[in-house]
């Protein structure tokens with residue numbers, strides 16, 4: 001078997017394991033749906049103007065009906081529309097926050113793994129320190145100091161998340177460093193940073209990409225939690241956490257106000273976590289074969 | 001063992017030191033005008049100038065940090081803008097209520113999660129396993145602030161069975177005054193035999209504790225499952241099974257004991273997570289703990305209080321981790337011999 005064929009068979013087997021698990025499959029379906037909804041929100045939403053600052057006092061706080069599937073809020077805006085548009089915010093925040101965490105974490109992990117010794121020791125202690133804060137707490141502290149805004153939510157989550165990627169990529173770099181092609185490149189006098197960029201980085205990315213996709217759910221949840229605490233998007237942005245937070249004033253009489261935005265958060269996070277868990281099961285032979 | 005403990009303690013001190021560096025940076029270096037933040041509200045130029053001297057912002061950074069550390073060690077954590085009390089005194093007053101809530105949540109999670117994890121591992125890929133997986137993933141995915149409101153809606157709004165929030169009804173508190181011993185209403189009322197307060201506090205505890213249990217429940221179930229599955233392939237499990245020793249004996253006597261290590265680690269981890277979760281849960285249940293203190297501080301831009309809570313939670317996390325590591329080393333000779 002050629003190397004290419006073997007790899008394809010491996011991927012095929014992974015796909016088979018992935019497909020076999022119905023929960024994982026259901027999760028992926030919801031993820032795909034979520035992305036489609038986010039892309040098509042302006043066309044899917046029945047009242048696109050309600051996504052922002054439209055006000056219709058005559059239809060405030062209406063219960064769910066055929067015209068308003070999720071009911072309306074205190075300003076008469078259609079909650080279904082607002083929840084649909086909220087998906088765009090959550091997905092964007094997730095992508096940018098994780099991108100930022102990778103941007104900080106990957107170079108640090110590479111440096112620690114490649115240079116080793118004191119550099120490694122110091123960088124890993126810095127990781128330990130950042131990992132001593134529960135991510136939500138560190139994000140809250142940073143957001144509090146920067147002031148409430150969606151941008152600051154992304155920055156604060158990125159800053160709270162990077163050490164996990166550093167740890168992971170360091171352990172990868174440690175093993176790749178010993179491989180023949182790295183040794184050959186260094187013996188040929190290639191500069192360290194070129195070795196890192198050309199030879200180490202491409203060979204360490206796979207597990208990091210997997211980990212990042214598994215973290216998507218937790219990042220969305222953290223962002224929504226920050227929104228709920230009032231540290232993220234500000235009204236009239238239809239951010240899911242913020243919607244639940246505002247709905248709190250009304251929830252005992254207007255149950256739909258917090259129920260649907262919260263359900264959206266739950267479904268999105270659950271879907272990403274189901275997919276992540278499926279990937280974990282596949283990539284860990286110990287739980288697969290036992 | 002002693003060498004391991006010493007090394008672990010030293011590492012803990014280094015990390016604690018690093019934690020203060022991070023909080024120092026967040027509090028004093030990130031904001032464009034930390035002095036104005038520290039005073040709060042709409043400060044006058046004079047107030048800002050005074051705060052700048054007080055915080056030592058006119059000095060170089062390393063001197064500022066040394067003063068910051070000195071203040072922390074002397075117990076001077078600043079004054080809350082909102083309550084006008086010293087931050088450390090506020091934290092001391094609010095922490096017991098949070099600890100009571102967190103420990104109850106973790107207790108519920110452990111009691112439900114370990115058996116669920118065992119069920120999941122022993123019936124792998126069967127219906128119970130799928131159910132348990134859905135529960136464990138669902139539990140870590142559900143927004144706790146939302147779960148809290150759903151429980152309130154159901155048990156208070158529709159069924160009228162449980163109170164909406166608070167630790168104890170005002171009437172009960174005034175009629176049967178509670179002597180403060182530990183700060184936990186449940187423990188204190190038990191110790192003093194104050195039954196009316198105990199039962200009332202218990203009904204107030206149910207919903208917040210259930211909410212707090214969700215996240216740990218998910219982690220504990222998953223960890224018990226995966227570490228059990230890992231142990232299942234070991235010879236000391238396969239051999240007794242081959243000899244015909246009953247499943248239940250093998251699983252509970254041999255497998256579980258060896259699989260519990262990671263679960264204990266997760267318990268330590270969930271403790272820190274729960275501390276941060278209280279920010280979300282306590283404000284919904286109007287639970288007068290550290291989390292409600294923090295979330296109110298956030299709303300009123302009370303920076304000294306926010307940074308104080310951050311520091312306490314991070315330090316607690318480091319210390320809990322240290323304790324967990326020491327317990328594990330004590331339970332499992334392999335760890336301490338390796339190190």
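Between residue A:194 and residue A:171, what is the FRET efficiency for a Förster distance of 30 Å, r being their Cβ-Cβ separation, to the nearest 0.05? Could you put the intermediate results ahead of the total?
Values: r = 22 Å, r/R0 = 0.74.
Result of the calculation: an efficiency of 0.85.
Compute the distance from the alpha-carbon center of segment B:313-328 to that of segment A:187-214, in whole Å.
Their Cα centres are 34 Å away from one another.
How large is the helix-only mean residue ellipticity at 222 nm for chain B, computed as the sum of -39500 (n - 2.57) over DSSP H runs with n ≥ 4, divided by its residue count, in deg cm²/dmol to the nearest 500?
Details: 15 runs with 247 residues, N = 339.
Here the helix-only value at 222 nm equals -24500 deg cm²/dmol.
Using only the Cα atoms of segment A:34-134, construct the convex hull and provide its projected area averaged over every direction, in square nanometres to one decimal. Display every interim value, and only then the final one.
On the way: hull surface 37.1 nm².
The orientation-averaged projected area of the Cα hull of segment A:34-134 comes to 9.3 nm².
Just tell me how shielded B:111-119 is by partners: mean number of partner chain Cβ atoms within 10 Å of each residue's Cβ, no decimals. Don't skip to the end; give the middle numbers.
Details: counts 0, 0, 0, 0, 0, 0, 0, 0, 0.
Shielding by partners across B:111-119 averages 0.
From largest to smallest, what semi-axes in whole angstrom does chain A give when each is the square root of 5 times an eigenvalue of its alpha carbon gyration tensor? Please list the in-between numbers first.
Values: eigenvalues 354, 112, 44 Å².
They are 42, 24, 15 Å, listed from largest to smallest.
So if we plug the beta-carbon distance of residue B:29 and residue A:250 into 1/(1 + (r/R0)^6) with R0 = 25 Å, what FRET efficiency do we get, rounded to 0.05?
Details: r = 41 Å, r/R0 = 1.62.
After rounding to 0.05, the efficiency reads 0.05.
Please give, to one decimal in nm, the separation of the simple spin-label points placed at residue A:52 and residue B:191, each 7 Å out from Cα toward the Cβ.
5.9
Which translational diffusion coefficient, to the nearest whole µm²/s, is obtained for segment B:243-339 from the Stokes-Einstein equation, given a Kirkwood hydrodynamic radius over C-alpha pairs, 4 °C and 1.567 mPa s? Don't skip to the answer; put the middle values down first.
Values: Rh = 16.2 Å.
Answer from the Stokes-Einstein relation: 80 µm²/s.
For segment B:32-157, with equal point scatterers placed on the C-alpha atoms only and solvent neglected, what are the log10 I(q)/I(0) values from the Debye formula at q = 0.14, 0.15, 0.17, 0.21 1/Å, to two decimals?
One equal scatterer on each Cα of segment B:32-157 leads to -0.83, -0.87, -0.97, -1.23.
How many nm separate the modelled label positions at residue B:247 and residue B:125, each set 7 Å beyond the Cα in the direction of the Cβ?
The modelled label-to-label distance comes out at 1.6 nm.
Please average, across the residues of B:69-75, the number of beta carbons from any other chain that are within 10 Å of each residue's own beta carbon, and give a whole number.
Working: counts 0, 0, 0, 0, 0, 0, 0.
Across B:69-75, the average partner-chain Cβ count within 10 Å equals 0.
Nearest 10 degrees is fine. How inclined is helix B:45-55 to the longest principal axis of chain B, computing both from alpha carbons?
50
With runs of 4+ DSSP H residues as the only contributors, calculate the mean residue ellipticity of chain A at 222 nm using -39,500 (n - 2.57) per run, divided by the residue total and rounded to the nearest 500. Present the calculation step by step, with values, prior to reporting the outcome.
Values: 12 runs with 215 residues, N = 290.
Helix contribution divided over all residues of chain A: -25000 deg cm²/dmol.
Quick one, what does Rg over Rh come out to for segment B:151-219 if you take C-alpha atoms and the Kirkwood Rh?
On the way: Rg = 13.4 Å, Rh = 13.0 Å.
For segment B:151-219, the value is 1.03.
So between residue A:125 and residue A:18, what do we pick up on full extension, going 0.36 nm a residue minus the alpha carbon distance? Walk me through the numbers before you get to the answer.
Values: separation 107, 0.36 × 107 = 38.52 nm, distance 3.67 nm.
Gain in length upon complete extension: 34.8 nm.
Using Cα atoms only, what is the angle between the long axis of helix A:150-177 and the major principal axis of chain A, expressed in degrees (0 to 90) to the nearest 10?
20
What number do you get for segment A:183-290 when its Cα radius of gyration is normalised by 2.2 N^0.38 Å, N = residues? List each step's numbers first, then the result.
Numbers: Rg = 21.7 Å, N = 108, 2.2 N^0.38 = 13.0 Å.
Ratio of Rg to 2.2 N^0.38 Å for segment A:183-290: 1.67.
Would you mind checking the tilt of helix A:135-146 against the longest principal axis of the Cα atoms of chain A, expressed as 0 to 90 degrees and rounded to 10?
Taking Cα atoms only, the helix is inclined about 70 degrees.
Can you list, bin by bin at 20 Å, the percent of alpha carbon pairs in the protein assembly as shown, starting at 0?
Percent of pairs per bin, in order: 17, 50, 30, 3, 0.
If you find the alpha carbon centre of segment B:228-285 and of segment B:20-40, how far apart are they in angstrom?
One Cα centre to the other: 42 Å.
Rounded to the nearest Å, what's the spacing between the alpha carbon centres of segment B:122-182 and segment A:231-278? Just the number, please.
Using only Cα atoms, the two centres lie 18 Å from each other.
For peptide A:263-269, how many partner chain Cβ atoms fall within 10 Å of a residue's Cβ, on average?
Numbers: counts 4, 2, 5, 7, 1, 1, 6.
Going residue by residue through A:263-269 and averaging, the value is 4.
Going highest first, how would you order B:215-225, B:324-334, B:195-205, A:188-198 by mean Cβ packing within 10 Å?
Details: B:215-225: 25.9, B:324-334: 15.5, B:195-205: 18.7, A:188-198: 12.7.
Most protected by this proxy first, the peptides run B:215-225, B:195-205, B:324-334, A:188-198.
From the gyration tensor of the Cα coordinates in chain B, what semi-axes in whole Å does the equivalent ellipsoid have, largest first, with each one equal to sqrt(5λ)? Please list the in-between numbers first.
Details: eigenvalues 334, 165, 64 Å².
Largest first, chain B gives 41, 29, 18 Å.
Restricting everything to alpha-carbon atoms, can you work out Rg to Rh for segment A:131-196 with a Kirkwood hydrodynamic radius? Walk me through the numbers on the way to the answer.
On the way: Rg = 18.2 Å, Rh = 14.4 Å.
Reported Rg/Rh, Kirkwood definition of Rh: 1.26.
At R0 = 45 Å, how high is the FRET efficiency between residue A:115 and residue B:299 if r is their beta carbon distance? Nearest 0.05 is fine. Walk me through the numbers before you get to the answer.
Numbers: r = 45 Å, r/R0 = 1.00.
The computed FRET efficiency comes out at 0.50.
Quick one: if you take sqrt(5λ) for each eigenvalue of the C-alpha gyration tensor of segment B:91-290, what semi-axes come out, biggest first, whole angstrom? Intermediate values should be presented prior to the final figure.
On the way: eigenvalues 279, 67, 43 Å².
Square roots of five times the eigenvalues give 37, 18, 15 Å.
Bear in mind these aren't lab numbers, they're just calculated from the coordinates by the rules spelled out. A quick note: this is a predicted structure, and the numbers were derived from the prediction, not measured. Neighbour counts are summed over all protein chains in view; Cβ atoms, including those assigned to glycine, are modelled from backbone coordinates with ideal geometry.
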